[in-house]
Amino acid sequence: MAFPKNFLWGTATSAGQIEGGALTDGRTPSIWDTMAAKPGRIFGGHTPEIACDSYHQFDRDLRNLCALGVNSYRMSISWSRVLPNGTGQINQAGIDYYRRAFESLLEKGIAPCVTLYHWDLPQVLEDRGGWVNRDSIEWFGEYADKMFTAYGDIVPMWATINEPIATYVGYALGGFAPGYTNEVWGNQARHNILVAHGKGVQAFRAHNLQNSQIGAVIDIWKRHALTDSPEDIALMIDQDERNWKFYCDPLYAGRYSDYILEHLEREGTLMKIAPEDYGIMSQKTDYFGLNVYNRVPVTHNQKVQADFSQGGNFLNNRTEYYPRAVYDAIVMLKEMYALDIPFYVTENGTYFEGDEPVDADGMIHDDDRIRYVQGFLSYIEKAIDEGYDVRGYYLWSLMDNFEWSAGYNFKFGIMSCDREGKTAFKKSALFYRDFIAKNR
């Protein structure tokens, strides 16, 4: 079998990582603008103030997408660009920017896949308690409703939240914005964002958008015990429960597991759960957005340090090349939750740390990235051949960008992007272009 006829071939980005224009046309700071301004929090003191300058150079991005031959593009909306106060009055300049972007994509036959929240909470809302404040559920619901009003007629595919674990990393581990290290806050924040996801789905249903679909995007870093020892098995179970299962269980099984509830209660870090929360969180979605980069081998006898790859785009590629991770995740999720919705692989990619070498021909020959992407695509094809409903693949990322706490030091792009916003194809972009052309 080949990839399905209507399979979505795309690349992925997020507003906070590519747009720049941090204080342009009425936008107010996000929590990442604030964190980047604090010394020592971001690699090299880098900031997202300019990033890839996509706010001013979206036409450049569109030309690159057309040259790749993709038929979909995953991007996000900067909450503080369209709602500078987080709630209330919209910013028309921001609203107009995204409408132009979506319409330009559609004119070229490229379907926008739009994420409402990709980690960039308006700082004005963080000043009111951020995701730890239960009011955040209503803030997000209002924001989602306004976006469906503004773009429901032209956006065919929505995601509510991208990788909710990033919120835990930001409030409990300090690695992401807003940079706190409070376990109680972290658990409450990640609970609230899951309820907010449900509010977003409810708002979407209320708009009765017949030509659109909605889902959540969750990253699966499946733990694998390195030995069959009881200690390693217990460690694998514990880390799975505290990571991807924390998000999947309430969304797709209707409640948190007894394991996580009992352990957090014993540890004194259990979040406050309102009686109606489970019903809101488990709203029916139209697809599962799967971000997958690798698996995580664990062993009781060798401490596996928690790095930020477990809450973001970073791939722990120094340890293992394991493209089967995508196949394993699809099979596991389908069986565990009896999912009757399709999968879209909404992120997958690998990085180079530092400056990628440019060969004599003037091109970056990123053969490791090609091997990585090719391997994952082969396992996606295997899943499709076996009857699993996989309908799209979004390569992370269209171009090198602001990689959160790693600044511009981690290069995920299949195109380079310098600080003036000049982009160039890498060898992997040529590979992906040709692969799409062969399989569309």
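Any read-out appearing in this document is the output of simple, stated calculations on the displayed coordinates, not a laboratory observation. On a predicted model such as this, the values are computed, not experimentally measured, just so you know. Here Cβ is always computed from backbone atoms with ideal geometry, including for glycine, and neighbour counts include all displayed protein chains.
Here are the numbers for the structure shown:
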quantity	calculated
[x] 29, 27, 23; [y] 44, 27, 20; [z] 36, 22, 19, with the label sought being that of the calculated semi-axes √(5λ) of the Cα gyration tensor in Å	[x]
Charge context of residue 330, other residues only, Cβ under 10 angstrom, K/R +1, D/E -1	-2
Magnitude of the charge dipole, region 6-116, Cβ model with Lys/Arg +1 and Asp/Glu -1, debye to 20	200
Surrounding net charge for residue 421, when Lys and Arg each add one and Asp and Glu each subtract one, Cβ distance under 15 Å	-4
Space enclosed by the convex hull of the alpha-carbon atoms of region 12-106, per residue, Å³	98
Protection proxy ranking of 156-165, 31-40 - average other beta-carbon atoms within 10 Å, highest first	156-165, 31-40
Dipole axis of the chain (+1 Lys, Arg; -1 Asp, Glu on Cβ), positive-most option in 218, 393, 105	105
The chain, relative contact order [Cα under 8 Å, separation at least 6], %	19
Taking region 167-206 and dividing mean pair separation by its residue count, relative contact order in percent (alpha carbons under 8 Å, at least six apart)	30
Region 1-62 and region 160-201: distance between their alpha carbon centers, rounded to Å	20
Potential lengthening between residue 286 and residue 335 on full extension [0.36 nm per residue; Cα-Cα distance subtracted]	15.9 nm
Built amide H within the under 5 Å cut-off of residue 395, gap 5+	10, 11, 12
Charge dipole (debye, nearest 20) of the chain; +1 at Cβ of Lys and Arg, -1 at Cβ of Asp and Glu	660
Sequence-distant residues sharing a close amide H with residue 76 (under 5 Å, placed H)	15, 115
Signed unit charges on C-beta, dipole axis of the chain, positive-most listed residue 167, 39, 373	373
Sequence-distant residues sharing a close amide H with residue 225 (under 5 Å, placed H)	298
Karplus 3J(HN,Hα) series, Hz, for region 277-289 with 6.51 cos²θ - 1.76 cosθ + 1.60 (x for Gly, Pro)	5, 4, x, 6, 4, 8, 4, 5, 10, 8, 7, 10, x
Pairwise centroid distance, computed over Cα atoms, of region 394-440 with region 91-116, Å	20
By average C-beta atoms within 10 angstrom, highest first, the peptides 179-189, 257-267	179-189, 257-267
Within region 239-298: Cβ-based charge dipole about Cα centre, in debye rounded to nearest 20 (Lys, Arg +1; Asp, Glu -1)	180
By average C-beta atoms within 10 angstrom, highest first, the peptides 85-94, 166-175	166-175, 85-94
Relative intensity, log₁₀ I(q)/I(0), of region 142-183 from a Debye sum that treats every alpha carbon as a point, q = 0.26, 0.31 Å⁻¹	-0.78, -0.94
Local electrostatic count, residue 177, Cβ distance below 15 Å [Lys/Arg +1, Asp/Glu -1]	-4
Rounded to whole Hz, the Karplus (6.51, -1.76, 1.60) HN-Hα couplings of region 390-399, x for glycine and proline	10, 10, x, 9, 10, 7, 9, 9, 4, 8
Region 43-190, relative contact order in percent, only Cα pairs under 8 angstrom and at least six apart counted	21
Mean residue ellipticity (222 nm) of the chain, computed from DSSP H runs ≥ 4 via -39,500 (n - 2.57), nearest 500	-11500 deg cm²/dmol
Whether region 312-440 is rounded, prolate or oblate, judged on the alpha carbon gyration tensor where a/c under 1.5 counts as rounded	prolate
